[in-house]
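Report on the structure given below.
The values are calculated or read from the model by the stated rules, or taken from the named source; none is laboratory data. Predicted model, so just to flag it, every value in this text is computed and none were measured. Backbone-built Cβ (ideal geometry, glycine too); neighbour counts: all protein chains shown. Keep in mind that these areas ignore ligands, DNA and RNA; they rest on the heavy atoms of the full protein, side chains included. Shrake-Rupley method; radii C 1.70, N 1.55, O 1.52, S 1.80 Å.
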Amino acid sequence: MISRLSAGLLAAALLVAGCGGGGQNTSTATPKVGLITKTETNPFFVKMKEGAQKAAQAEGLELMTAAGKFDGDNAAQITAIENMVAAGVKGILITPSDTKAIVPAVKKARDAGVLVIALDTPTEPQDATDALFATDNLKAGELIGQYAKAAMAGKPAKIATLDLAPGITVGQLRHDGFLKGFGIADGDPSIVCSQDTRGDQAKGQTAMENCLQKDPDINLVYTINEPAALGAHTALKAKGRDKDVLVVSVDGGCTGVKAVQSGQIAATSQQYPLKMAENGVKAISSFAKTGQKATGYTDTGVTLITDKAADGVQAEDTAFGLANCWG
């Protein structure tokens with residue numbers, strides 16, 4: 001026979017089990033947010049992850065993270081989206097490696113009720129995600145194009161463009177912005193060589209070597225980012241050209257700003273990955289609490305950094321750059 005006390009305890013235990021859905025009270029579970037970057041090694045994405053983690057802790061969210069094995073690893077990003085949706089995330093922040101190929105996976109996530117926000121790199125089309133938090137990459141390119149035009153001071157330019165890769169919006173926007181700022185268009189005879197680097201230092205060096213073989217008189221180099229710029233500098237130095245070729249870039253990482261300080265790079269456009277991640281996490285936190293979705297594009301800022309000011313081009317020096325850099 002069960003005593004009255006034992007019967008009461010049993011009833012209470014059954015009530016708790018019934019309310020908890022197998023012992024887990026889903027109504028009080030910590031909301032989850034996902035962050036998917038292009039790679040885990042690039043300092044830009046390392047800083048982005050740090051910013052997301054800090055913001056998630058402040059907002060009371062659990063952060064899940066994933067990344068491609070290399071820049072352009074679309075398959076890994078698709079798998080990460082699927083895994084995060086299955087895990088019940090409220091929202092996903094993503095820097096898409098392939099801005100077109102990722103769209104079907106993004107659509108599935110949004111159809112499942114997940115808020116998807118692109119960071120740094122817009123999808124194609126941009127409205128494939130709910131919102132975008134990013135540098136105005138066209139403006140970033142335009143700033144270094146304007147600087148290069150002013151710094152050349154009327155000297156005829158022989159330009160090498162060390163680009164990213166086909167099909168990635170961030171690379172195309174920076175390239176187009178540089179040309180716009182310099183006052184030329186694709187196909188202009190002053191562009192004597194164009195090579196893809198995937199933003200990699202070793203590939204940047206190889207690309208610059210190839211361009212110097214094609215035209216040894218190159219005197220201006222646009223680079224998609226600072227690793228590519230440093231690779232270009234290595235190739236130029238090997239040919240004794242590092243002092244008379246103007247190199248401009250985009251990113252504003254600490255290594256890149258120090259390269260501006262030392263004269264390896266003339267100027268760079270600084271962007272702010274920490275701000276992108278923080279804004280993105282806060283938007284997902286708001287969605288989890290209120291159901292209100294972030295929409296449209298939010299510009300997270302860009303600043304030209306150089307220690308050799310050019311007339312008519314607004315810039316900050318490397319002291320500012322180092323105070324606001326990442327990596």
Simple label model, 7 Å out from Cα along Cβ direction - Lys107 to Cys254, nm: 4.3
Spin-label proximity, Ala86 to the range 34-73 - amide N less than 19 Å from point 7 Å beyond Cα toward beta carbon: 34-37, 63-69
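Could you size up the charge dipole of the range 179-253 around its Cα centre, putting +1 on the beta carbon of Lys and Arg and -1 on that of Asp and Glu, and report it in debye to the nearest 20?
On the way: 8 positive and 11 negative charges, 31 e Å.
Approximately 140 debye in magnitude.
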MRE, 222 nm, helices only [DSSP H, n ≥ 4, -39500 (n - 2.57), over the chain, to nearest 500]: -14000 deg cm²/dmol
Between the range 297-327 and the range 238-253, the Cα center-to-center distance that results, in Å: 17
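Just the number please: accessible area per residue for the range 17-143, 1.4 Å probe, all protein chains included, in Å².
Values: 5500 Å² over 127 residues.
For the range 17-143, the solvent-accessible area averages 43 Å² per residue.
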In nm, spacing of pseudo-spin labels at Ala29 and Thr206 (7 Å Cα→C-beta vector): 4.6
Most fluctuating residue given options Thr30, Thr169, Thr306, as computed from a GNM of the chain linking Cα atoms under 10 Å: Thr30
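What percent antiparallel are the DSSP beta bridges of the range 196-322, to the nearest 5? It would help to have the intermediate numbers written out before the result.
Details: 3 of 11 bridges.
DSSP beta bridges in the range 196-322 are roughly 25 percent antiparallel.
Within 10 Å of each candidate Cβ there may be at most 15 other Cβ atoms; applying that plus a DSSP loop requirement, which trypsin sites (Lys or Arg not before Pro) in the range 52-143 survive? Let's see the in-between values first.
Numbers: sites: Lys54, Lys69, Lys90, Lys100, Lys107, Lys108, Arg110, Lys139; in loops: Lys69, Lys90, Lys100.
Those satisfying the criteria are Lys69, Lys100.
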Listed pairs Lys32/Lys139; Lys69/Lys100; Lys38/Lys258; Lys203/Lys239; Lys69/Lys149 exceeding 28 Å between Cα atoms: Lys32/Lys139; Lys69/Lys149
Gain in span if fully extended, Asp188 to Lys239, counting 0.36 nm per residue against the direct Cα distance: 15.8 nm
Within the chain, percent of DSSP bridges classed antiparallel, to nearest 5: 5
Where a label projected 7 Å from the Cα of Lys155 along Cα→Cβ would reach, residues of the range 207-237 with amide N under 13 Å: 217-221
In nm, spacing of pseudo-spin labels at Thr290 and Gln126 (7 Å Cα→C-beta vector): 2.3
